[in-house]
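The values are calculated or read from the model by the stated rules, or taken from the named source; none is laboratory data. Note that this is a predicted model, so its numbers are computed, not measured. Using ideal geometry, Cβ is built from the backbone for each residue, glycine included, and neighbour counts are taken over all protein chains shown. To get the accessible areas, we keep the full protein, side chains included, count just its heavy atoms, and leave off ligands, DNA and RNA. Shrake-Rupley method; radii C 1.70, N 1.55, O 1.52, S 1.80 Å.
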Amino acid sequence: MLKQLMAFLAAMAILAAGVSYAAPQAFSKYALDIPEGWTFHEDGNVVAIFGPHNVAAISIVMDTADGMTARSIAEAMSGPLQGTTPRPTHDGYVFTFQNDQGVDSFSRISVANGIFVMVTVTGDHPQVAGILGSIVYR
């Protein structure tokens, strides 16, 4: 779990330019639409997506849950990030925190069939909902 946290934190820190696409982009475990002007970086189980001028970022971590529940993963992730107490949703747990620059972030963790998915959104941009809504898991 610590490896996943470190990978997540590293992905959130990456601000290097990637490739820009206006069409669906396939990653190792899913595909999603990345609008023109957005950049991305995939590193193992983590995909980091950055909005124009870095006004928003999306991080998606997908890996085996190792027998953990959405609640236990959310609690393990929220603590080191000094986040809020995770609260249940219809399909997992959510918590909020501020990144190192003081920007508000929102994380959602779900577990299904032994796989966990953690989606974190930092900042705000009108295209975020469309990107998240376009995810197609393989």
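Laid out as a table, the results:
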{"read-out": "Single unsatisfied condition, Ser28 versus (1) under 23 Å from Ala112 (Cβ atoms); (2) in contact (Cβ under 8 Å) with a residue 60 or more places away in the chain; (3) open to solvent by 40 Å² or more (accessible area, probe 1.4 Å)", "value": "(2)"}
{"read-out": "Contacts under 7 angstrom Cβ, first residue in segment 91-116 being farther than 22 Å from Ala129 by Cβ, partner assigned to a loop (DSSP other than H, G, I, E, B) and hydroxyl-bearing (Ser, Thr, Tyr), 6 or more apart", "value": "Val111/Thr69"}
{"read-out": "Residues being more than 12 Å from Ala57 (Cα to Cα), assigned to a strand (DSSP E or B) and either open to solvent by less than 20 Å² (accessible area, probe 1.4 Å) or modelled with pLDDT of 95 or more (or both) - total across segment 113-138", "value": "4"}
{"read-out": "Condition check for Thr96: polar (S, T, N, Q) and more than 14 Å from the chain's Cα centre (by Cα)", "value": "no"}
{"read-out": "Members of segment 105-138 that are touching an Asp or Glu at 6+ places or on another chain (Cβ under 8 Å) and closer than 18 Å to Thr85 by Cα", "value": "Ser110, Thr122"}
{"read-out": "Val103 in contact with a Gly (Cβ under 6 Å, 6 or more places away or on another chain), open to solvent by 20 Å² or more (accessible area, probe 1.4 Å) and at negative phi", "value": "yes"}
{"read-out": "Residue match in segment 50-69 (condition: more than 23 Å from Pro24 (Cβ to Cβ) and surrounded by 23 or more Cβ atoms within 10 Å (Cβ to Cβ))", "value": "no"}
